[in-house]
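Peer 1: My questions will all concern the structure given below.
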Amino acid sequence: METILLLTHTEQDGSLAKPALEALTAAKSLAAALPGSKLVLGLVGAATQVGADQVAAAGAQQFLAVTGPEFGHSRYATDAAAAEALAKAAQCSLLLAPMTSRWQRALAGVAQRVGGKVETHASTVSVRDGKVTVNRWYYRQRMEAVLQRVQRPWVILLDPGTQPAWQGQPGIATVQPVSVPIDAASLRTSVQGFREPAGDAQTIRPDANLLFVTGAGWTKKQADGQAHVKDAEKIIADCLRLSRASLGSTKSLVDLGGEGQAVLSFLTHLNQVGQTGSTPRHPKGLATCCHGEEPHTVGWRFINERRAVNLDPNCGWARGKADVLYVADAFAVMTKVNELLSK
């Protein structure tokens, strides 16, 4: 019999964010596929009752929580201690958690402390022939592996966006507190505050409905024989502001600065998608001025609807890598799109 511990951390208001609710969906499905299994929810945060009540109707047999102001922020020492205490209190054989930056940093060490093994970037957790099975991608989503382990506890970190978020009515959960003694040495790292760009300067939005991808063509010479980088910046920035899309880029465009060429000022390597960047999971994607090279399109593997704008009808996007290809000038198309969005 497997005991499944879903480990979550609460937000500043005590609630559970979308990655935690997605991991809850996976944990519930796994528990349903394992006869006689037990599902336990473990929460960590400055306040945990709100989060527990939020998922009270999810069907967990037990709620455990490590609560206190020292657990309100991400810190390896306190996060690892809290996760270890919850794992031992639940006596879990399987520990599932959303792969947030907070758990990604701490849970490998927790697996070592409890004598278990850890799997990261899991996309699916299921049961095959009575055995728990994890699917995950390697080499920038080019190869998928199917993994099984005998050793327990098995710590599994689930990639956000791979599962639908659990939905249900809030209720009242009975939470059992778990005590975790924290010494002064564990509090040496402190959070002084938050620094983040203004809302209109933010270009990476994981929850956006649209991924807008820029290609190197935006900085190349146009029909008049001149490059129009400043015009490109304004068109792209206006589109992001009006559509609230997330911005992606090919590696070639991000790296142009190292070659002494003009670049878009707001692009960094964090915007890269493809073989050398991220693999986003937005409902829709629009690539503009892209060559359609295979490493870039690999990064689009999990985009549901893919469209592209390119002047070259023989580009890679025209060979089945986009659902719809618009053979047109991206400057003109996006200028018109911005006009329509502004109305």
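The values are calculated or read from the model by the stated rules, or taken from the named source; none is laboratory data. Remember, predicted model here, so these are calculated numbers, not experimental data. FYI the Cβ positions are ideal-geometry reconstructions off the backbone, even for glycines, and counts take in every protein chain you see.
Peer 1: Which is loosely packed, with under 15 Cβ neighbours inside 10 Å, in contact (Cβ under 8 Å) with a residue 60 or more places away in the chain and in a loop (DSSP other than H, G, I, E, B), of Gln163, Gln169?
Peer 2: Details: Gln163 fails: loosely packed, with under 15 Cβ neighbours inside 10 Å.
So the residue among Gln163, Gln169 that is loosely packed, with under 15 Cβ neighbours inside 10 Å, in contact (Cβ under 8 Å) with a residue 60 or more places away in the chain and in a loop (DSSP other than H, G, I, E, B) is Gln169.
Peer 1: Residues that are without any contact (Cβ under 8 Å) to a residue 24 or more places away in the chain and closer than 29 Å to Gln148 by Cα: does segment 36-59 have at least one?
Peer 2: Checked segment 36-59: no residue is without any contact (Cβ under 8 Å) to a residue 24 or more places away in the chain and closer than 29 Å to Gln148 by Cα.
Peer 1: Which ones in segment 81-125 are of a type outside the set (Gly, Ala, Ser), touching an Asp or Glu at 6+ places or on another chain (Cβ under 7 Å) and surrounded by fewer than 23 Cβ atoms within 10 Å (Cβ to Cβ)?
Peer 2: Met99, Arg102, Arg113, Val114, His121
Peer 1: Quick check on segment 257-273. Is at least one of its residues buried (at least 17 other Cβ atoms within 10 Å of the Cβ), closer than 18 Å to Val309 by Cα and at pLDDT below 90?
Peer 2: Checking segment 257-273: at least one residue is buried (at least 17 other Cβ atoms within 10 Å of the Cβ), closer than 18 Å to Val309 by Cα and at pLDDT below 90.
Peer 1: Looking only at segment 281-298, filter to residues that are at pLDDT 70 or above and crowded, with 21+ Cβ neighbours inside 10 Å; which one of those is nearest to Met334 (Cα to Cα)?
Peer 2: Thr288
Peer 1: Regarding Leu253, is this residue modelled with pLDDT under 85, within 23 Å of Gln222 (Cα to Cα) and outside any loop (DSSP other than H, G, I, E, B)?
Peer 2: Criteria met by Leu253.
Peer 1: Among all residue pairs at least 6 apart or on different chains, which show Cβ distances below 6 Å where the first residue, located in segment 233-250, is among the basic types (Lys, Arg) and the second is surrounded by fewer than 18 Cβ atoms within 10 Å (Cβ to Cβ)?
Peer 2: Arg241/Asp200
Peer 1: Quick check on this structure: which one of Val132, Val110 is of a type outside the set (S, T, N, Q), modelled with pLDDT of 95 or more, part of a strand (DSSP E or B) and in the same structural domain as Ala20 (by TED's automatic domain parsing)?
Peer 2: Val132
Peer 1: Does Trp166 satisfy the criteria of being modelled with pLDDT of 95 or more and more than 17 Å from Val44 (Cβ to Cβ)?
Peer 2: Considered against the rule, which asks whether it is modelled with pLDDT of 95 or more and more than 17 Å from Val44 (Cβ to Cβ), Trp166 comes out as yes.
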